[in-house]
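The values are calculated or read from the model by the stated rules, or taken from the named source; none is laboratory data. Everything numeric in this text was worked out from a predicted model, so none of it was measured. Counting neighbours? That spans all protein chains shown, and the Cβs are built from the backbone with ideal geometry, glycine included. Accessible surface areas use protein heavy atoms only, side chains included; no ligands, DNA or RNA. Shrake-Rupley method; radii C 1.70, N 1.55, O 1.52, S 1.80 Å.
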Amino acid sequence: MKVIYIFIFVATIINSCANSNYIELKDDVATIEHAIFQVDSIFSKFDDSVSLVFVKDNQLYINQTNYNNFDSLSQEQVPELDHLNSSDWHLLKNNLTLLQRNNIKGFSSTRYGFTRFLYKDEPGEVYMQRYLALDSGNLSLDHTGYKILDRKSNLVLFSGR
(Lines give C-alpha, C1' and ligand atoms only; values in the text may rest on other atoms or scores of the structure.)
Protein backbone atom coordinates (compact mmCIF):
# COMPACT_ATOMS: atom_id res chain seq x y z
CA MET A 1 0.00 0.00 0.00
CA LYS A 2 2.87 2.39 0.82
CA VAL A 3 4.35 1.73 -2.62
CA ILE A 4 1.13 2.96 -4.26
CA TYR A 5 1.18 6.19 -2.22
CA ILE A 6 4.84 6.77 -3.07
CA PHE A 7 4.12 6.16 -6.74
CA ILE A 8 1.19 8.61 -6.73
CA PHE A 9 3.30 11.22 -4.92
CA VAL A 10 6.20 10.90 -7.39
CA ALA A 11 3.83 10.94 -10.38
CA THR A 12 2.20 14.12 -9.07
CA ILE A 13 5.57 15.84 -8.70
CA ILE A 14 6.71 14.78 -12.17
CA ASN A 15 3.40 15.89 -13.69
CA SER A 16 3.55 19.31 -12.03
CA CYS A 17 7.11 19.84 -13.27
CA ALA A 18 6.25 18.77 -16.80
CA ASN A 19 3.24 21.10 -17.00
CA SER A 20 5.46 24.16 -16.75
CA ASN A 21 7.08 23.07 -20.01
CA TYR A 22 3.83 23.40 -21.93
CA ILE A 23 1.85 26.44 -22.98
CA GLU A 24 -1.30 26.64 -20.87
CA LEU A 25 -3.40 29.74 -21.37
CA LYS A 26 -6.69 30.98 -19.91
CA ASP A 27 -7.51 32.83 -23.11
CA ASP A 28 -7.49 31.78 -26.76
CA VAL A 29 -4.04 31.36 -28.36
CA ALA A 30 -4.92 33.78 -31.19
CA THR A 31 -5.90 36.44 -28.61
CA ILE A 32 -2.58 36.01 -26.81
CA GLU A 33 -0.64 36.11 -30.07
CA HIS A 34 -2.39 39.34 -31.00
CA ALA A 35 -1.69 40.88 -27.58
CA ILE A 36 2.00 39.91 -27.77
CA PHE A 37 2.21 41.35 -31.29
CA GLN A 38 0.67 44.65 -30.13
CA VAL A 39 2.89 44.89 -27.04
CA ASP A 40 5.95 44.13 -29.17
CA SER A 41 4.93 46.86 -31.65
CA ILE A 42 4.52 49.40 -28.85
CA PHE A 43 7.79 48.24 -27.21
CA SER A 44 9.62 49.08 -30.46
CA LYS A 45 8.61 52.73 -29.86
CA PHE A 46 10.33 52.83 -26.45
CA ASP A 47 13.65 54.50 -25.94
CA ASP A 48 16.63 52.12 -26.26
CA SER A 49 17.34 52.56 -22.54
CA VAL A 50 14.18 50.60 -21.69
CA SER A 51 15.29 46.99 -21.65
CA LEU A 52 12.80 45.27 -19.32
CA VAL A 53 9.13 45.81 -18.56
CA PHE A 54 7.69 43.62 -15.83
CA VAL A 55 4.29 43.38 -14.14
CA LYS A 56 4.22 41.39 -10.91
CA ASP A 57 1.56 41.45 -8.22
CA ASN A 58 -0.05 44.32 -10.14
CA GLN A 59 3.13 46.41 -9.87
CA LEU A 60 4.72 47.86 -13.01
CA TYR A 61 8.52 47.78 -13.20
CA ILE A 62 10.48 49.36 -16.00
CA ASN A 63 14.13 48.41 -15.83
CA GLN A 64 14.60 48.51 -12.03
CA THR A 65 12.06 51.24 -11.24
CA ASN A 66 8.79 50.29 -9.52
CA TYR A 67 5.82 52.41 -10.61
CA ASN A 68 3.42 50.89 -8.08
CA ASN A 69 -0.22 49.98 -8.74
CA PHE A 70 -0.55 49.13 -12.41
CA ASP A 71 -4.35 49.52 -12.52
CA SER A 72 -4.37 53.12 -11.26
CA LEU A 73 -1.18 54.20 -13.01
CA SER A 74 -1.38 57.05 -15.50
CA GLN A 75 0.94 57.55 -18.43
CA GLU A 76 2.23 60.83 -16.97
CA GLN A 77 3.63 58.94 -13.96
CA VAL A 78 5.98 56.90 -16.15
CA PRO A 79 8.69 59.02 -17.84
CA GLU A 80 9.75 56.14 -20.13
CA LEU A 81 6.28 56.18 -21.70
CA ASP A 82 5.73 59.92 -22.03
CA HIS A 83 6.34 59.92 -25.80
CA LEU A 84 3.62 57.32 -26.47
CA ASN A 85 0.24 58.60 -27.55
CA SER A 86 -2.72 57.88 -25.30
CA SER A 87 -4.01 55.18 -27.65
CA ASP A 88 -0.73 53.25 -27.36
CA TRP A 89 -0.76 53.69 -23.57
CA HIS A 90 -4.26 52.24 -23.21
CA LEU A 91 -3.47 49.44 -25.65
CA LEU A 92 -0.32 48.61 -23.68
CA LYS A 93 -2.19 48.57 -20.35
CA ASN A 94 -5.02 46.42 -21.69
CA ASN A 95 -2.67 43.93 -23.30
CA LEU A 96 -0.38 43.69 -20.27
CA THR A 97 -3.43 43.01 -18.11
CA LEU A 98 -4.48 40.23 -20.49
CA LEU A 99 -0.98 38.76 -20.60
CA GLN A 100 -0.62 38.94 -16.82
CA ARG A 101 -3.86 36.93 -16.46
CA ASN A 102 -2.23 34.26 -18.67
CA ASN A 103 0.97 34.00 -16.57
CA ILE A 104 2.97 36.22 -18.91
CA LYS A 105 4.55 38.72 -16.58
CA GLY A 106 7.16 40.70 -18.42
CA PHE A 107 9.11 41.20 -21.61
CA SER A 108 12.50 42.30 -22.79
CA SER A 109 14.43 42.54 -25.99
CA THR A 110 17.13 40.03 -26.83
CA ARG A 111 20.38 40.53 -28.62
CA TYR A 112 19.06 38.04 -31.18
CA GLY A 113 16.50 40.46 -32.61
CA PHE A 114 13.26 39.35 -30.99
CA THR A 115 11.27 40.15 -27.87
CA ARG A 116 10.91 37.44 -25.26
CA PHE A 117 8.01 37.34 -22.84
CA LEU A 118 8.53 35.85 -19.37
CA TYR A 119 6.14 32.93 -18.87
CA LYS A 120 5.15 31.23 -15.61
CA ASP A 121 7.70 32.88 -13.37
CA GLU A 122 7.32 30.34 -10.58
CA PRO A 123 9.02 30.24 -7.18
CA GLY A 124 11.85 27.76 -7.10
CA GLU A 125 12.44 28.03 -10.84
CA VAL A 126 15.45 30.33 -10.56
CA TYR A 127 17.61 28.33 -12.95
CA MET A 128 14.96 27.59 -15.55
CA GLN A 129 13.24 30.66 -16.88
CA ARG A 130 10.63 30.07 -19.56
CA TYR A 131 9.85 32.52 -22.31
CA LEU A 132 7.32 32.94 -25.08
CA ALA A 133 7.94 34.53 -28.45
CA LEU A 134 6.03 34.85 -31.69
CA ASP A 135 7.32 32.93 -34.66
CA SER A 136 6.05 34.25 -37.94
CA GLY A 137 8.43 31.96 -39.79
CA ASN A 138 11.72 33.72 -39.12
CA LEU A 139 12.38 32.98 -35.43
CA SER A 140 15.68 31.17 -35.11
CA LEU A 141 16.97 29.92 -31.79
CA ASP A 142 20.09 28.42 -33.34
CA HIS A 143 23.22 29.56 -31.51
CA THR A 144 21.19 31.25 -28.75
CA GLY A 145 21.40 28.63 -26.02
CA TYR A 146 17.59 28.51 -25.84
CA LYS A 147 15.70 25.22 -26.12
CA ILE A 148 12.19 24.95 -27.61
CA LEU A 149 9.79 23.30 -25.15
CA ASP A 150 6.38 23.70 -26.78
CA ARG A 151 4.55 25.40 -29.64
CA LYS A 152 0.97 26.44 -30.18
CA SER A 153 0.22 28.08 -33.48
CA ASN A 154 2.82 30.89 -33.81
CA LEU A 155 3.51 30.95 -30.07
CA VAL A 156 6.78 29.28 -29.06
CA LEU A 157 7.74 28.37 -25.49
CA PHE A 158 11.45 28.06 -24.87
CA SER A 159 13.73 27.67 -21.91
CA GLY A 160 16.22 30.19 -20.71
CA ARG A 161 19.87 29.49 -20.33
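Data for the structure
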read-out	value
Theoretical gain in end-to-end length, E80 to S49 [0.36 nm per residue, Cα-Cα removed]	10.3 nm
F46 - accessible surface, heavy atoms, 1.4 Å probe, Å² rounded to 10	10 Å²
Accessible surface, per residue, of the range 27-149 when the full set of protein chains is kept, probe 1.4 Å, Å²	54 Å²
T97, T115, ranked by accessible area, largest first (probe 1.4 Å)	T97, T115
Sequence-distant residues sharing a close amide H with R130 (under 5 Å, placed H)	Y119, G160
Under the Karplus curve 6.51 cos²θ - 1.76 cosθ + 1.60, θ = phi - 60°, whole-Hz ³J(HN,Hα) for the range 53-70, x wherever Gly or Pro sits	10, 9, 10, 9, 6, 6, 10, 8, 10, 10, 6, 10, 8, 8, 9, 6, 4, 5
P(r) tail fraction, the range 66-134 - alpha-carbon pairs more than 21 Å apart, %	36 percent
Volume in Å³ per residue [convex hull over Cα atoms, computed for the range 18-60]	115 Å³
Inter-centroid distance (Cα atoms) of the range 73-106 relative to the range 34-72, Å	6 Å
Charge sum, other residues only, whose C-beta stays under 13 Å from Y61's C-beta, Lys/Arg counted +1 and Asp/Glu -1	-1
Fraction of accessible area attributable to carbon and sulfur, the range 40-161 (%, probe 1.4 Å)	45 percent
For K152, residues with placed amide H under 5 Å, excluding near neighbours	L157
